[in-house]
Amino acid sequence: MPFPSEVTPDTQVEALIEKERTRQVTGLQLIASENFTSPAVMRATGSVLTNKYSEGYPGKRYYGGNSVVDEIEAIAIERVKKLFGAEHANVQPHSGASANMAVYQAMLKPGDVVLGLSLDHGGHLTHGSPVNASGIFYKFHSYKVGVADERIDFDEVRSLALEHRPRMIVAGTTSYPRRIEPEPFKKIADEVGAYMMFDIAHLAGLVAGGAHPNPVPFADVVTFTTHKTLRGPRGGCILSTAQHAQAIDKAVFPGQQGGPLEHAVAAKAVAFLEAMQPSFADYAHQIVKNAAALAEALAVRGFRLVSGGTDTHMMVVDLRPFDAELTGKEAQAVLDLAGITLNKNTVPNDPRSPFVTSGVRIGTPSVTTQGMKEAEMATIADYIVTTLKGRSDPAVIADVRAKVAALCAAFPAYR
Ligand code: DSN
């Protein structure tokens with residue numbers, strides 16, 4: 001068979017891929033956990049490495065034919081250790097959820113007590129939600145953000161830690177707009193003799209680019225996804241101290257996974273190299289500047305920013321002061337029609353359900369990859385306001401849709 005092939009024989013799927021590519025490049029992608037990967041990352045993801053079984057680790061595989069794969073995985077490991085200053089790295093987790101579950105398996109026993117941020121206050125499903133394996137197999141207690149400032153309340157974290165004596169404290173979030181200092185978590189973990197895990201899934205690119213504190217010198221273990229601000233392929237990664245290296249590797253394979261996705265591992269290696277370049281630091285800082293500009297533009301147009309703003313790549317927007325009737329669900333749907341893609345999100349202590357919500361979450365990693373800057377953030381805020389105010393008028397939505405397409409054409413994700 002010809003390889004690489006210009007034309008896939010599966011025209012039905014190819015047409016849908018093209019349809020999705022068009023959707024991505026003609027609309028504003030404001031989901032905080034998404035990004036546009038480089039062609040080099042996609043080339044590795046779509047390579048012959050997908051054909052190979054490689055259970056085990058470099059130099060210790062269960063199948064033959066792994067000499068090249070060993071070199072690739074070793075490069076990925078060395079690059080990510082250097083990028084974050086870690087003693088040990090495991091690049092095989094298929095996702096952030098797999099990475100987190102592997103860490104729990106490596107460092108906890110079923111039933112052990114853990115502290116994590118509540119899902120409805122910005123934590124992740126794998127930080128102890130009762131419907132997730134983390135909450136089923138381990139006894140999580142949740143800390144919340146403060147009522148007044150909507151920021152992590154370290155007095156509450158400490159008091160819960162002293163009360164419940166956790167074996168592990170999990171830092172890290174999935175919809176929390178503020179920087180998270182690692183030192184206070186480390187201090188509390190040390191005081192109660194707990195392990196400290198920091199899930200930087202959302203923050204990894206900011207950390208790599210120097211736009212957020214690096215928790216690696218403080219935490220026993222750090223997990224992240226490679227496809228968010230870090231701009232790599234979909235996947236997960238675990239960094240740890242040398243002390244936990246063996247347990248972590250054993251928990252990933254054979255504990256949680258079988259054969260690793262070496263095409264994704266190769267793409268991770270490519271992304272790690274890209275994140276080492278000086279231009280990536282500029283990118284990371286611009287993401288934060290853009291988020292601040294967009295947050296400010298939304299605030300002056302009548303929205304309330306959870307915690308009063310952002311110092312990361314994302315904001316959580318409370319829609320109620322703008323329009324008490326407007327739910328996150330409706331905002332997400334109508335903005336999608338206008339080519340503005342974001343997700344509904346609960347605000348702290350939201351009276352509405354997670355399927356409806358009073359807020360939306362907005363992130364700037366993708367539009368920053370496109371080269372947009374602060375001026376475009378004000379334009380995006382205007383498009384959001386016009387769409388939401390005119391949501392019952394198809395002509396208004398169509399007009400914004402056309403303007404969004406023109407803006408994206410001026411800042412093409414892929415040329
Ligand atoms: N990490 C979630 C998000 O932030 O979109 C999905 O698990």
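The values are calculated or read from the model by the stated rules, or taken from the named source; none is laboratory data. Note that the structure is a prediction, hence the values are computed from the model and not measured. FYI the Cβ positions are ideal-geometry reconstructions off the backbone, even for glycines, and counts take in every protein chain you see.
Show me the strands (runs of 3 or more DSSP E) entirely contained within the stretch 33-148 in which 1 or more residues are touching a Ser or Thr at 6+ places or on another chain (Cβ under 7 Å) and within 16 Å of the ligand (Cβ to nearest atom).
Numbers: elements: 88-90, 113-117, 139-143.
Output list reads 113-117.
Residue pairs, Cβ under 7 Å, 6 or more apart or interchain, first in the stretch 111-131 and over 19 Å from Gly146 (Cβ atoms), second within 11 Å of the ligand (Cβ to nearest atom) and assigned to a helix (DSSP H, G or I). List them.
Leu125/Leu119; Thr126/Ala97; Thr126/Asn100; Ser129/Leu119
Of the residues Leu335, Leu407, which single one is out of contact with any Asp or Glu (no Cβ under 6 Å at 6 or more places or on another chain) and buried (at least 22 other Cβ atoms within 10 Å of the Cβ)?
Checking each option against the conditions leaves just Leu335.
If you take the residues of the stretch 149-187 that are among the small types (Gly, Ala, Ser) and away from the ligand (no atom under 16 Å from the Cβ), which of them is farthest from Gly111 (Cα to Cα)? Don't jump to the end; show me each part of the working.
Of all residues in the stretch 149-187, those among the small types (Gly, Ala, Ser) come to 159, 161, 171-172, 175.
If we keep only those that are away from the ligand (no atom under 16 Å from the Cβ) too, we end up with 159, 161.
Values: Ser159: 21, Ala161: 16 Å.
The qualifying residue farthest from Gly111 (Cα to Cα) is Ser159.
In the stretch 132-145, is there at least one residue being farther than 25 Å from Gln256 by Cβ, hydrophobic (A, V, I, L, M, F, W, C) and out of contact with any Cys (no Cβ under 9 Å at 6 or more places or on another chain)? It would help to see each step written out before you state the result.
First pass over the stretch 132-145, keeping only residues farther than 25 Å from Gln256 by Cβ: 143-145.
Keeping just the survivors that are hydrophobic (A, V, I, L, M, F, W, C) gives 145.
Filter again for out of contact with any Cys (no Cβ under 9 Å at 6 or more places or on another chain), leaving 145.
Yes, there is a match, as at least one residue in the stretch 132-145 is farther than 25 Å from Gln256 by Cβ, hydrophobic (A, V, I, L, M, F, W, C) and out of contact with any Cys (no Cβ under 9 Å at 6 or more places or on another chain).
Since Pro260 meets every condition but one in (1) touching a Gly at 6+ places or on another chain (Cβ under 8 Å); (2) over 30 Å from Thr357 (Cβ atoms), which condition does it not meet?
Result: Pro260 passes all but (1).
Has the stretch 321-333 got at least one residue that is in contact with a helix residue (DSSP H, G or I) (Cβ under 6 Å, 6 or more places away or on another chain) and among the β-branched types (Val, Ile, Thr)?
No, the stretch 321-333 contains no residue that is in contact with a helix residue (DSSP H, G or I) (Cβ under 6 Å, 6 or more places away or on another chain) and among the β-branched types (Val, Ile, Thr).
When you scan the stretch 364-373, do you find a residue that is assigned to a helix (DSSP H, G or I) and surrounded by fewer than 16 Cβ atoms within 10 Å (Cβ to Cβ), even just one?
Residues of the stretch 364-373 assigned to a helix (DSSP H, G or I): 365-369.
This time we only want the ones that are surrounded by fewer than 16 Cβ atoms within 10 Å (Cβ to Cβ), so: none.
Taking every residue of the stretch 364-373 in turn, none turns out to be assigned to a helix (DSSP H, G or I) and surrounded by fewer than 16 Cβ atoms within 10 Å (Cβ to Cβ).
How do the pairs read when you match residues in the stretch 82-105 that are aliphatic (A, V, I, L, M) with residues anywhere that are within 16 Å of the ligand (Cβ to nearest atom) and assigned to a loop (DSSP other than H, G, I, E, B), using Cβ under 7 Å and keeping only pairs 6 or more apart or on different chains?
If the second residue must be within 16 Å of the ligand (Cβ to nearest atom) and assigned to a loop (DSSP other than H, G, I, E, B), the pairs left are Ala99/Pro93; Ala102/Pro93.
Table: residues versus (1) surrounded by 22 or more Cβ atoms within 10 Å (Cβ to Cβ); (2) farther than 30 Å from Tyr143 by Cα; (3) of a type in the set (Asp, Glu); (4) at pLDDT below 95.
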| site | (1), (2), (3), (4) |
| --- | --- |
| Pro9 | no, yes, no, yes |
| Glu20 | no, yes, yes, no |
| Gly46 | no, yes, no, no |
| Val68 | no, yes, no, no |
| Val80 | yes, yes, no, no |
| Asn90 | yes, no, no, no |
| Leu117 | yes, no, no, no |
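Out of the stretch 22-32, which residues are within 16 Å of the ligand (Cβ to nearest atom) and part of a loop (DSSP other than H, G, I, E, B)?
Matches in the stretch 22-32: Leu30, Ile31, Ala32.
Tell me whether the stretch 293-312 contains one or more residues that are away from the ligand (no atom under 16 Å from the Cβ), in a helix (DSSP H, G or I) and touching a Phe, Trp or Tyr at 6+ places or on another chain (Cβ under 7 Å).
Applying the first criterion (away from the ligand (no atom under 16 Å from the Cβ)) to the stretch 293-312 yields 293-305, 307-309, 311.
In the following step, the residues that additionally are in a helix (DSSP H, G or I) were identified as 293-300, 307-308.
Narrowing further to those that are touching a Phe, Trp or Tyr at 6+ places or on another chain (Cβ under 7 Å): none.
Checked the stretch 293-312: no residue is away from the ligand (no atom under 16 Å from the Cβ), in a helix (DSSP H, G or I) and touching a Phe, Trp or Tyr at 6+ places or on another chain (Cβ under 7 Å).
Among the numbered criteria (1) within 26 Å of Ser279 (Cβ to Cβ); (2) within 16 Å of the ligand (Cβ to nearest atom), which one does Thr379 miss?
(2)
With Gly236, Gly210, Gly232 as the choices, which residue is on the phi > 0 side of the Ramachandran plot and modelled with pLDDT of 95 or more?
Details: Gly236 fails: on the phi > 0 side of the Ramachandran plot; Gly232 fails: on the phi > 0 side of the Ramachandran plot.
Answer to the check: Gly210.
Out of contact with any strand residue (DSSP E or B) (no Cβ under 9 Å at 6 or more places or on another chain), closer than 18 Å to Val316 by Cα and of a type outside the set (Val, Ile, Thr): which single residue out of Ala402, Ala410, Ala378, Ala395 fits that description? Show your work before the answer.
Values: Ala402 fails: closer than 18 Å to Val316 by Cα; Ala410 fails: closer than 18 Å to Val316 by Cα; Ala395 fails: closer than 18 Å to Val316 by Cα.
Selected residue: Ala378, the only one of Ala402, Ala410, Ala378, Ala395 that is out of contact with any strand residue (DSSP E or B) (no Cβ under 9 Å at 6 or more places or on another chain), closer than 18 Å to Val316 by Cα and of a type outside the set (Val, Ile, Thr).
So which residues in the stretch 188-202 are aliphatic (A, V, I, L, M) and either closer than 17 Å to His141 by Cβ or more than 11 Å from the ligand (Cβ to nearest atom) (or both)?
Within the stretch 188-202, Ile188, Ala189, Val192, Ala194, Met196, Met197, Ile200 qualify.
From the set of residues in the stretch 338-359 that are within 16 Å of the ligand (Cβ to nearest atom), crowded, with 22+ Cβ neighbours inside 10 Å and hydroxyl-bearing (Ser, Thr, Tyr), which is farthest from the chain's Cα centre (by Cα)?
Thr357
Check Gly359, Gly371, Gly328, Gly363 and return the single one that is at positive phi, in contact (Cβ under 8 Å) with a residue 12 or more places away in the chain and of a type outside the set (Lys, Arg). Break it down into steps so the answer makes sense when it comes.
Numbers: Gly359 fails: at positive phi; Gly328 fails: at positive phi; Gly363 fails: at positive phi.
Gly371 is the lone residue from the list that is at positive phi, in contact (Cβ under 8 Å) with a residue 12 or more places away in the chain and of a type outside the set (Lys, Arg).
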